[in-house]
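**Q** Encoded as structure tokens, here's the structure I'll be asking about.
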Amino acid sequence: MALDRPDLEKITLLVNSFGKSMIEISEKMGISLSFIKRKACLGINAPGSKLATLISVHGEGCHGTVSLFMDFASFSEYVDKMTHGMLEASTTDDTALSVAGEISNMISGYAVITLSQKGFEGLDITPPQIFTGENIKTLRLPEDQGYTFTLPFHLSENPESLVYQVLLFRK
């Protein structure tokens, strides 16, 4: 699906803003992420994910979703940092799962603030939805038409630990 220059510039700004927000919020929590450029792709590719969050973004000039897909090691690291080691990560513990939702809120909220400063008016986000399971593959509905990007990151302390940011921007 070919993009004209204004659409390409808009999508580039959206992807860069959410990706940068992912890194900056993680770093504020004490988690150093490295973007794995060679694994970035169109579509959804988040192998090994045990947990996913989904937030909708809507407003003038932007309608879509932001998802985080985490393997158990990255989920554990975020829970540990967010709770200062006071909570053990478990995909059956609602409190631990709420950490993943809050991280999604923080990342999306920070990106929305950044985008509003760059001319995107009236952007808002929905509360996060949280999903658990083995090898979660997609949170995309069949009727979703748009551009989907997977931005993979590994936690610098543990290169085997992966978190994926999946962005869907509707046409």
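The values are calculated or read from the model by the stated rules, or taken from the named source; none is laboratory data. Note that this is a predicted model, so its numbers are computed, not measured. With ideal geometry, Cβ positions are generated from the backbone for all residues, glycine too; neighbour counts draw on all protein chains shown.
**Q** Limited to the range 94-109, what total is found for residues that are among the acidic types (Asp, Glu) and touching a helix residue (DSSP H, G or I) at 6+ places or on another chain (Cβ under 9 Å)?
**A** Of the residues in the range 94-109, 1 are among the acidic types (Asp, Glu) and touching a helix residue (DSSP H, G or I) at 6+ places or on another chain (Cβ under 9 Å).
**Q** Sticking with this structure for a sec: Filtering the range 92-125 down to residues that are surrounded by 17 or more Cβ atoms within 10 Å (Cβ to Cβ) and of a type in the set (Val, Ile, Thr), which residue is farthest from Ile25 (Cα to Cα)?
**A** Ile125
**Q** Suppose we filter Val57, Val112 for residues that are closer than 18 Å to Lys20 by Cα and assigned to a strand (DSSP E or B); which single one remains?
**A** Answer to the selection: Val57.
**Q** Just name the residue that is modelled with the lowest pLDDT out of those in the range 109-150 that are touching a strand residue (DSSP E or B) at 6+ places or on another chain (Cβ under 6 Å) and closer than 21 Å to Ala96 by Cα.
**A** Checking each candidate, the answer is Leu139.
Each row is one residue, and each column tells you yes or no for (1) at pLDDT below 90; (2) assigned to a loop (DSSP other than H, G, I, E, B); (3) not small (Gly, Ala, Ser).
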position: Ser67; (1), (2), (3): no, no, no
position: Ala73; (1), (2), (3): no, no, no
position: Met86; (1), (2), (3): no, yes, yes
position: Pro152; (1), (2), (3): no, no, yes
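**Q** For the range 9-45, give me each residue that is surrounded by fewer than 17 Cβ atoms within 10 Å (Cβ to Cβ) and aliphatic (A, V, I, L, M).
**A** Met29, Ile36, Leu42
**Q** Here is a follow-up. Cβ-Cβ distance below 8 Å, separation of 6 or more or different chains: which pairs start in the range 86-112 with a residue that is closer than 30 Å to Leu14 by Cβ and in contact (Cβ under 8 Å) with a residue 40 or more places away in the chain and end on one that is of a type in the set (Asp, Glu) and assigned to a helix (DSSP H, G or I)?
**A** Filtered contacts from the range 86-112: Tyr110/Glu24.
**Q** Take the range 88-109 and flag every residue that is within 22 Å of Ile44 (Cβ to Cβ) and part of a loop (DSSP other than H, G, I, E, B).
**A** Passing the criteria: only Thr91.
**Q** Can I ask one more? Need pairs with beta-carbon distance below 9 Å; first residue within 13 Å of Phe120 (Cα to Cα) and within the range 6-18, second β-branched (Val, Ile, Thr) and assigned to a helix (DSSP H, G or I); sequence gap 6+ or separate chains.
**A** From the range 6-18, the pairs are Ser17/Val112; Ser17/Thr114.
**Q** Tell me the residue from Ser49, Ser90 that is touching an Asp or Glu at 6+ places or on another chain (Cβ under 7 Å) and of a type in the set (S, T, N, Q), please.
**A** Of Ser49, Ser90, the one residue that is touching an Asp or Glu at 6+ places or on another chain (Cβ under 7 Å) and of a type in the set (S, T, N, Q) is Ser49.
**Q** Further question: Scan the range 154-171 for residues that are at pLDDT 90 or above and closer than 26 Å to His63 by Cα and jot them down.
**A** Val163, Tyr164, Gln165, Val166, Leu167, Leu168
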